[in-house]
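One structure below.
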Amino acid sequence: MRLVLTENLVEDMELAKPIYENGNILLNKGVDRLYKYKNKLLELGIKHLYVEDKYSYDIEVNEVIKDSTRRTGKKIVTNTFDKIKKGFLNLNTKDLKNVIEDITNELVFNEDVLLNLVSLKNTSDYTYEHSVNVSVICIALGKMLGYSKNELFKLGMGGMLHDVGKILIPEKILTKPESLTEYEYFIMKNHPELGFNYLQQIESISPLSRIVVYSHHERVDGSGYPRGLKGNEIHEFARVAAIADVFDALTSDRVYRSRWPTYKAAEYIMNNTEKLFDYQLVKKFLPQVSFYPNGAEVILSCGYRAIVRAQNIGFPTRPILRVIEDDEGKELDRELDLLKHMNIVITKVIV
Ligand SMILES: [Fe+2]
């Protein structure tokens, strides 16, 4: 399968993964003549999708966790946040715990060395899907750091709930597409503390998870909030969550900008180590991320168009490609291993 922009759908493409809307299947895997649904999909804010076509029949995209687990996580976090919004004080955390345990187990047993962190979110469901992704990235990074299963669980719970305080921020500020005024930003910056204070009432949530909620916007140079802590003053769990939060936010479509390709988000994280992010953690995390994930469409310095077919472990910028078009737009079907052609570089990621 491969990833395409919805606006680039053409006749011979078949849907490779089901599309869900409010928990129900909107279009099922295997639906052909997808281009007929192009406008409807765009209206729903679905800008990218995985398809099968003649170029991608043998390209495998390895998911970090099962799609079904991701969907369950999203449903549970949506319900949890809804209840908090409605003022429920006795939150039952059983479902939340079960799904975080499932995510932890899947990641602990997943032997894949490289993380495919492409996240295709519907902009309207951003908060919930982002919560699940931050939890997944936190647990994945925690695993690289050698955390115990129990620690991974607590970190994952913190990741899942990191933005719970946003539920208590006025909707008008949360969904404002323009930049926030100084006052609105001041209100917005209260969300870590609001979330933390709320969770203080819920005994079943570990203090280690609460610290992630409280400190995920702290930055190692002291420029973060709410306390402006520096370096090791920030709990390691929160330093992990800061990387997960920013990485997932950058690679997601937002109301005010399109998602960044993985390599660009990775570069941003890299360029801001020691300033915003912990160098030791970034050093563990980035080599495990597929900068150009399988199925991504790219343009090469020689003008060719290609699809990423496989990874060369340890060389995140030199994947194995299937070239599908030459520099004059003539159709090709040729394999190109960038590790064997060091004179060629990827200059653009289409999706
Ligand atoms: Fe946040």
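The values are calculated or read from the model by the stated rules, or taken from the named source; none is laboratory data. Just so it is clear, the structure is predicted and the values come from calculations on it, not from any experiment. Quick reminder, even Gly has a Cβ in these numbers, built from the backbone with ideal geometry, and neighbours come from all protein chains shown.
Exactly one residue among Glu325, Glu267 is without any contact (Cβ under 8 Å) to a residue 24 or more places away in the chain, out of contact with any Gly (no Cβ under 6 Å at 6 or more places or on another chain), outside the structural domain of Arg210 (by TED's automatic domain parsing) and surrounded by fewer than 19 Cβ atoms within 10 Å (Cβ to Cβ), and that residue is Glu325. The set of residues in region 260-300 that are in contact with a Ser or Thr (Cβ under 9 Å, 6 or more places away or on another chain), among the aromatic types (Phe, Trp, Tyr) and part of a helix (DSSP H, G or I) comprises Tyr263, Tyr279. Of everything listed in (1) assigned to a helix (DSSP H, G or I); (2) in contact (Cβ under 8 Å) with a residue 60 or more places away in the chain; (3) more than 16 Å from the ligand (Cβ to nearest atom), the single unmet condition for Tyr183 is (2). Applying the criterion of being within 21 Å of Leu3 (Cα to Cα) and in a helix (DSSP H, G or I) to the residues of region 108-127, the residue that is modelled with the lowest pLDDT is Thr123. Among the residues of region 218-259, just one is part of a loop (DSSP other than H, G, I, E, B), within 17 Å of the chain's Cα centre (by Cα) and either outside the structural domain of Leu161 (by TED's automatic domain parsing) or within 14 Å of the ligand (Cβ to nearest atom) (or both), namely Ser252.
Across region 189-217, the qualifying residues are those that are within 17 Å of Val246 (Cβ to Cβ) and of a type in the set (A, V, I, L, M), and the one among them that is nearest to the ligand (Cβ to nearest atom) is Val213. With respect to Lys143, determine if the residue is surrounded by fewer than 21 Cβ atoms within 10 Å (Cβ to Cβ), more than 16 Å from the ligand (Cβ to nearest atom) and touching a residue at least 12 places away in the same chain (Cβ under 8 Å). Yes; evaluated as a whole, the condition is true for this residue.
For (1) of a type outside the set (Asp, Glu); (2) assigned to a helix (DSSP H, G or I), each residue gets a yes or a no:
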residue	(1), (2)
Val10	yes, no
Gly30	yes, no
Tyr37	yes, yes
Tyr55	yes, no
Arg71	yes, yes
Asp102	no, yes
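The set of residues in region 53-82 being of a type in the set (D, E, K, R), touching an Asp or Glu at 6+ places or on another chain (Cβ under 7 Å) and surrounded by fewer than 20 Cβ atoms within 10 Å (Cβ to Cβ) consists of Asp53, Lys54, Lys66.
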